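Asker: Take this structure first; my questions come after.
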Amino acid sequence: MPKMQERPRLLLVAPYVDEPAMLQALSQGLDVEVQTELFRTSRSVAASTFRRHWNIFRSAWAAFRQRDRVGYIVFGEQFIGLYYALLTRLLGRGKRGGPRTIVLQLIYNRRPGWKGEVYRTLYAWLIRSPALTRLACAASIERRYYAEEFGAVVADKLVFIPFGRNSPLGTEARREPVAAPDESPFFFAGGTSNRDYKTLIEAFRGLSAELQIACYPSDVADLNIPPNVVVLHGVFDDEFKRKVRDCTAMIIPIKNTDVSAGQLVLLDAMRLGKACIVTAGGCMEDYVDEKSAICVSAGDSDAIRRAVRDLVCNPRLVIELGEAARLRYEKRNTRAAFGRAVAASLKG
């Protein structure tokens, strides 16, 4: 009796436990057995650059040691992939030339001075490594930016894959009240990467509506905060999600729209069926359209002010935008949809 052929294996290396829907989509899309290499990053570890990168390097080393036993590797954080590329550059790709791999996701920002040039040179050397098959971008505009920045070798590897966040919420979860009983209606903004809180705060100056911002102190340093704007520090995880759930609408002001920022917060809001005001540009408009969010130009405090007034005066608009956002999320941005797109990019 002929021996059954063993299914190829895929290794997912990440600092988080992924949803079964993602693993199933990878398994079905590539006809593979999925195994995971999980490493935990606590808040104290994340706060220490050395400890965080040591943890990441160890996970890259674990992937490197298994490279001859798997057909695919998915790196759930870009520095895992970069360290893996370094190891293959120094120690070799393996007996079969190495598995097909994908980095989720590429994030590169230019840095000034000679240190920035050294960083760019090293970064380019690593992402050009033959050990990295695909480099995923979370914004379509980034694909063009990275192709121009790093050349044809990298351009051939780049793929745009919209984020997939979580499974859709059940009907009961969506019936929760828009505002918590102990809180008056408020608009909410949160996050720290590439945010333009100066413009946002100016938009609320003189308005009767309340704005709450969850960020680090450095994000609002030296800004004149009006009385209707509340700045919150140390708001993470479940508390942050509760703010998203309870606000009238979410506002995501992006400073540089050429790079990814704010998509995870946006997707959390869309999943909950929240109306959103976002900065126009590639990193947001890949995820929403005119039916599911209000888009305003970068740096335009007057446009944000008008959008806030429109939502305050028209509660029906709040509901319509939120429902359209939720339906769009469930069609395009679940974890299962993300897994299918990742599998397709590894196949191609």
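The values are calculated or read from the model by the stated rules, or taken from the named source; none is laboratory data. A quick note: this is a predicted structure, and the numbers were derived from the prediction, not measured. Counting neighbours? That spans all protein chains shown, and the Cβs are built from the backbone with ideal geometry, glycine included. The area values use the complete protein model at the heavy-atom level, side chains included, leaving out ligands, DNA and RNA. Shrake-Rupley method; radii C 1.70, N 1.55, O 1.52, S 1.80 Å.
Asker: Would you please list the contacts, defined by Cβ atoms under 6 Å and residues six or more apart or on different chains, that run from a residue in the range 183-198 that is on the phi > 0 side of the Ramachandran plot and among the polar types (S, T, N, Q) to a residue that is surrounded by fewer than 16 Cβ atoms within 10 Å (Cβ to Cβ) and at pLDDT below 90?
Answerer: N194/N256
Asker: Another question about this same structure. Show the residue pairs that are 6+ apart or on different chains and have beta-carbon atoms under 6 Å apart, the first residue being within the range 17-33 and without any contact (Cβ under 8 Å) to a residue 60 or more places away in the chain, the second being aliphatic (A, V, I, L, M).
Answerer: That search, which allows pairs on different chains as well, returns S27/V34; V32/L10.
Asker: Determine if the range 81-97 includes at least one residue that is without any contact (Cβ under 8 Å) to a residue 60 or more places away in the chain, in contact with a Gly (Cβ under 9 Å, 6 or more places away or on another chain) and buried (at least 20 other Cβ atoms within 10 Å of the Cβ).
Answerer: Yes, that holds for at least one residue.
Asker: Of all the helices (runs of 4 or more DSSP H) wholly in the range 259-335, which have at least 2 residues that are over 30 Å from E149 (Cβ atoms) and within 20 Å of the chain's Cα centre (by Cα)?
Answerer: 263-271, 315-332
Asker: Still on this model: If you go through the range 335-348, how many residues are out of contact with any Gly (no Cβ under 9 Å at 6 or more places or on another chain) and either open to solvent by less than 20 Å² (accessible area, probe 1.4 Å) or within 16 Å of A138 (Cα to Cα) (or both)?
Answerer: 1
Asker: Here is a list: R111, R93, R51, R58. Which entry is within 28 Å of N256 (Cβ to Cβ) and among the basic types (K, R)?
Answerer: R111
Asker: Next question, about the same structure. Out of all the residues in the range 132-148, which are open to solvent by 10 Å² or more (accessible area, probe 1.4 Å) and either under 15 Å from the mean Cα position of the chain (by Cα) or at pLDDT below 90 (or both)?
Answerer: S140, I141, R143, R144, Y145
Asker: I've got another one for you. Do you know which residues across the range 287-334 are in contact with a Ser or Thr (Cβ under 9 Å, 6 or more places away or on another chain), under 19 Å from F160 (Cβ atoms) and surrounded by 20 or more Cβ atoms within 10 Å (Cβ to Cβ)?
Answerer: Selection gives Y329, T334.
Asker: Pairs only if they're at least six apart or on different chains, beta carbon under 8 angstrom, first in the range 224-238 and in a loop (DSSP other than H, G, I, E, B), second of a type in the set (K, R); list them, first residue then second.
Answerer: Final answer for the pair search is P226/R205; V235/K243; F236/R43.
Asker: Of the residues in the range 129-156, how many are within 14 Å of A85 (Cα to Cα) and charged (D, E, K, R)?
Answerer: Total meeting the criteria: 1.
Each row is one residue, and each column tells you yes or no for (1) at pLDDT 95 or above; (2) open to solvent by less than 30 Å² (accessible area, probe 1.4 Å); (3) under 21 Å from L135 (Cα atoms).
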residue	(1), (2), (3)
E19	no, no, no
Q24	yes, no, no
E33	yes, no, no
R40	no, no, no
A60	yes, yes, yes
V74	yes, yes, yes
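Asker: Continuing with the same structure: I need the full set of residues from the range 199-220 which are open to solvent by less than 40 Å² (accessible area, probe 1.4 Å), touching a residue at least 60 places away in the same chain (Cβ under 8 Å) and of a type outside the set (V, I, T), in order please.
Answerer: Hits for the range 199-220 are L200, A203, F204, L207, A209.
Asker: Could I ask something else about it? Kindly provide the set of residues from the range 256-267 that are within 17 Å of R332 (Cβ to Cβ) and open to solvent by 30 Å² or more (accessible area, probe 1.4 Å), ordered by number.
Answerer: The answer is L264, and nothing else.
Asker: Go through the range 245-255 and give me each residue that's in contact with a helix residue (DSSP H, G or I) (Cβ under 7 Å, 6 or more places away or on another chain) and either surrounded by fewer than 18 Cβ atoms within 10 Å (Cβ to Cβ) or closer than 16 Å to R195 by Cα (or both).
Answerer: Once the filter is applied, which keeps residues that are in contact with a helix residue (DSSP H, G or I) (Cβ under 7 Å, 6 or more places away or on another chain) and either surrounded by fewer than 18 Cβ atoms within 10 Å (Cβ to Cβ) or closer than 16 Å to R195 by Cα (or both), the range 245-255 yields M250, I251, I252, P253, I254.
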